[in-house]
Amino acid sequence: MERAAGNSEEQQEEIAPQPVEEQEQEHLHLPEGASAQTTGKSLFNSVMNKRKNPETIAVEWLEMYKKCHSTAMVRLLQLLVEASGSKYLIPHDTRAPFKYMDILLAATHDFYCVSKLYPLILKDASCTAAKLCSFVQCLVKVIDAKAQEEMSLDIFQEFSSFILVFSDSKVRAFRHTSTLMGLQLMTSLLTLEAEKLNQLADIWQKMKHKLFAMRRVDFVEAIRCMCCTEFGLWLANYPAVAFKLAASHMYCLFEALHDTSPKVRECCLLGISRLYTTDPRVHFACLQLADKYKQSVLLIAAADKEWQLCELAIRLLLTCLRDSPDLLCDEEFATIEGMMFDQNRGVAQAAAEVFVQHHLNDEEDEATRIRRVVKFFRECPEHEHAAYLVDALIERSNVVIAWAPMVEMLLNEEQPQQQQREEEQQIEESIIIEILTRAVRQSITGEIPPGRYTKDLVRGEPMAGVKQTATQILAPVMAKLLRKHKGNIANLTNLLEIPRYFEPEAEENVKHLPQLIKWLQNILFHQTDLALIRTAAETLERIYMPAIWQELEQILSTAVTAYRMELGKWYAAVRAKTTNKSRAKRLIEHLQRLAVLCRHFDLTKCQLLDPALQKLEQCLTEEGHRLPRGTIHLYLEICFHLLIWQQRKMLKDAASDRDIQELSEGLKVSLTAAIRLAFKVINCMPSRSFPYAATIICDLFVLFGYHLQQHTNAAVRAVMYQPTIQEFELLEDHLMQHLFNAEPEELQQEQAFDELQKKRLALAGYCKLVAFNVVPVMRFRFVLQFYDKFYDTFGDLMRSAMEKALDINATNYGMTLMHTCMRVFSRVQKGQESLEDLLKLCNRLAETLNSDLLKSRKAVLALHRAGIYFASQRQEDSVAGAPPDMLLFLSVLEVFVPQLLSQDKIVILKLLRTKIPAELPSCRREQWKPLECYRMSLELALKLSCRRLEYESMEQD
């Protein structure tokens, strides 16, 4: 976007005014007494007073103007000066004609003594702006109602004249404030009757050319936003008048779509969108400009980094398409509709509205509409699943919940004439099944697909009545669907998920449940795909009810018996020395099935735990491996699930006041053995056991951790497992060997997806130990040292654990950050790592303290105190006048200064002066630079804080 002339100079002189000598010469032209204090309360203070009505203030001002127009105009001028943040007071005896430039220069001079902050960018800026705008509105109304025509013209002429002078200032505060008041004056003038506005049209047009046209390309983002927003409101709220006065400038809103500022682009998109509901002339002009600037809107919709802007741009295109369906070509439609797969839900839903309007004609039958969705999904091969597509459409069209037509299409027995057509039909059916499954799940549970972001991160609500509808339509045909698609693993996996969401007590479900159980049993015992078996087991658990207990018990008993028989055959083959890959594969398949069932059902009565531990021990012995290597992780998984089931039983019996002593003792023995064997697995096969062995160890540490100490039953407390330091070290060495051995960029490549998931699973397990206070948080430093380098791959896991650690003990967390930085700092000193990398890590770590400075206060204080002591260390033979050996560490602490509260900055500054005196030998000044920078950052922060008086008092002492 084009910028106003002289921006390079303005950027340098944004706050700093002209040289003092030049100002003083200009200042001589002012009347005598320029520095005299005005009497009475200023107009600015009155306007900012909550108890005063702006209309009353405007009436009082007009009465003053009638008595002495110079005094009244001085007060109005002073309002602009004070609202800009300048301390300059215009002399009360200043008389018209006013020299606005002289007043501006004198007011600019007073900016030398104040901060760069001014009212419109302070914390209560919105309140200040609202009060100023309200006063300007009331002033225009009062002048229009109570002043004579000639007097009104004079006031508006004078008011607009000094606003225009101030709006051209090189000082940001004057430009910002005067632009705000000037735009509000222009808006208020538009509310006048047509006859009166015609008389003031020259003033309005002059302000349009000299204020709006210049400031809309201002260097300051807030000023450009203000201009674009107000211009859009003129055309939206006063279309007839504003279009007549500013039609030639309508292109400004569209041109600003190229602005570098997201806020300006947002203001423009909102402004343009509002114009489509206004005067037909404005509407037509917008359509023409939209066609001309179509590519600009498309660029924001498809490529803007701000999701909110993408959504606004798509909705703007949608509005245009309703009046101009041919606005976009097929390629452009495809670009927008492809954003239904975007990560942001608002963007996806906006794109879905375009898709619905473009493709889903209400007059067509449901089957045709479904095929259009299927065709679109097939043409997007880069998207592997339909969850995002369903989520985008489910609230915008009923096409994805038209389950009856989908079932009819899936059960269609007509055979296609050609082989190619048959393949196409199979692909189409697979897509329909996936859409059906995702739609059933989301409509009934309200769950948004993982990875999709929403504005408020709130879970969606289930749709009313869909659970009953899904049960009525799908339960009776589920067996038919499973039979037809039994040869397709992906289709079976999706179809088996659907019964989890049926209404359990519904007649349709109860009636057809036996058939479903038979299909689940058939899949569990005759399919070898592990993902499908897991889906079947989970569905069996979710649909369980007492009425099917006998069928369930039979399935579990059959699985255990089949495993034992296969194990017996394996040992017989071992004795006969006839083992082979085929027999090993069958044993592993039985174990996989058993492990899956152990996860979902209590098999403790089958007495599997002790034999499983024995088999695991046998697999890890040095004397020939009697069991296949592939059984190790399965036996470990079975042991884990059986331990959890036994713990549940123990806690349940304890709650019922039953004797659990024997159960508790047996559980503790088994737990200890399982953890010992898991560590043995890590030692024997570190690469092949990653990450499942480490994950199981971490989970057992958590589940049998400190929370059991809170139980009232001594037998339960006795089961608690206390990990040793050696175990922590073994676990951490194993994780270090595998977690950070590759570059982050390599892990983000598509071919490394599986490896990344393994690493994330292992790291998540260790982060649980930190989050649940199982491991001393100080040990987390071995992970945190990689927080910045692996931020994109593991940052979310580490951040979650850090937040929990801060909640548990803020001081310990602060010391953990300290030792993390020290760990990297030691490598910096050895030349193994750069200081820049360390400071990047510090900035990342500091972000974790920003959300609640009060909560993180102790952590920050501990970090700074320990850091100062560390930085002040000296060796006994250090040279006099030389800096401490670790002084460079103060550069690390400097990063964490913004996280200190004002009162703590004083405490830390005193400690710094005590431990490292401020006198810097001039000959070694460069070596003392870290101290100088750290101290300066503390002092500067105190000078601008609410504790500046306390700091000044400390300086005097």
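The values are calculated or read from the model by the stated rules, or taken from the named source; none is laboratory data. These figures come from a predicted structure and were not determined experimentally. So basically every Cβ, Gly included, is an ideal-geometry build from the backbone, and we count neighbours across all protein chains shown. Heads up: the accessible areas ignore ligands, DNA and RNA and are worked out on the full protein's heavy atoms, side chains in. Shrake-Rupley method; radii C 1.70, N 1.55, O 1.52, S 1.80 Å.
Details
- Prolate/oblate/rounded label for the range 725-819 (Cα gyration tensor, a/c 1.5): prolate
- Gap separating the Cα centres of the range 141-216 and the range 276-309, nearest whole Å: 29
- Part-to-part distance (alpha-carbon centres) for the range 789-844 and the range 330-406, which is given in Å: 44
- Only Cα sites of the range 259-339 enter the Debye sum here, all with the same form factor; the resulting log10 I(q)/I(0) across q = 0.21 1/Å is -0.96, listed in q order.
- Over all orientations, the range 302-415 has a Cα convex hull whose mean projected area works out to 8.0 square nanometres.
- Relative contact order of the range 470-594, taken over Cα pairs closer than 8 Å and 6 or more residues apart, is 24 percent.
- When you count the other C-beta atoms within 10 angstrom of each residue and take the mean per peptide, 49-58, 83-92, 634-643, 149-158 line up highest first as 634-643, 83-92, 149-158, 49-58.
- Partners for Lys840 among aspartates and glutamates (Cα-Cα distance below 15 Å; same-chain residues under 8 apart left out): Asp788, Asp792, Glu894
- Along principal axes, Cα extents of the range 495-540, largest first, whole Å: 33, 17, 13
- Restraint check, Lys518/Lys581; Lys99/Lys208; Lys263/Lys759; Lys123/Lys943; Lys67/Lys123; Lys375/Lys758, Cα-Cα greater than 29 Å: Lys518/Lys581; Lys263/Lys759; Lys67/Lys123; Lys375/Lys758
- Kirkwood-based Rg to Rh ratio, the range 328-367, C-alpha trace: 1.03
- Relative contact order of the chain, defined on C-alpha pairs under 8 angstrom at six or more residues apart (%): 4
- Lys66/His283 FRET efficiency (R0 56 Å; Cβ-Cβ; nearest 0.05): 0.80
- The range 675-733, relative contact order [Cα under 8 Å, separation at least 6], %: 26
- For the range 447-522: rounded, prolate or oblate by the Cα gyration tensor [a/c cutoff 1.5]: oblate
- Amide H to amide H, with H built 1.01 Å from N, Tyr453 comes under 5 Å of Asn344, Arg345, counting only residues 5 or more places away or on other chains.
- Taken over the range 132-279, the convex hull of the Cα atoms encloses 98 Å³ per residue.
- Carbon and sulfur %, accessible surface of the range 42-86 computed with the full protein complex present, 1.4 Å: 48
- Debye log10 I(q)/I(0) for the range 808-948, one point scatterer per Cα, at q = 0.21 Å⁻¹: -1.39
- Solvent-accessible area, 1.4 Å probe, carbon plus sulfur percent, for the range 678-741: 52
- Once Kirkwood radius over Cα pairs in Å is calculated for the structure shown, the corresponding label among [x] 35.1; [y] 37.6; [z] 36.0 turns out to be [x].
- Distance between the modelled labels on Leu944 and Ser902, one decimal in nanometres: 1.3 nm (7 Å Cα→Cβ projection).
- Solvent-accessible area per residue for the range 498-549 (1.4 angstrom probe, square angstrom): 51
- Alpha-carbon Rg/Rh ratio, for the range 358-513, with Rh computed the Kirkwood way: 0.96
- Ellipticity estimate at 222 nm from DSSP helix runs (n ≥ 4, -39,500 (n - 2.57)) divided over the chain, nearest 500: -21000 deg cm²/dmol
- Count Lys and Arg as plus one, Asp and Glu as minus one, and take only other residues whose Cβ is under 13 Å from that of Gln903; the net charge is then +3.
- Treating each Cα of the range 664-746 as one equal point scatterer and applying the Debye formula with no solvent, the log10 of I(q)/I(0) at q = 0.14, 0.16, 0.25 Å⁻¹ comes out as -0.54, -0.66, -1.21.
- Protection proxy ranking, peptides 464-476, 580-592, average beta carbon neighbours within 10 Å, highest first: 464-476, 580-592
- Excluding ligands, DNA and RNA, the accessible surface per residue across the range 603-658 is 50 Å² with a 1.4 Å probe.
- Distance-filtered residues of the range 778-804 - backbone nitrogen under 19 Å, label point 7 angstrom along Lys840 Cα→Cβ: 783-799
- The alpha carbon radius of gyration of the range 487-617, expressed as a multiple of 2.2 N^0.38 Å, is 1.17.
- Put simply, when 163-176, 757-770, 657-670 are sorted by average Cβ atoms within 10 angstrom per residue, most first, you get 163-176, 757-770, 657-670.
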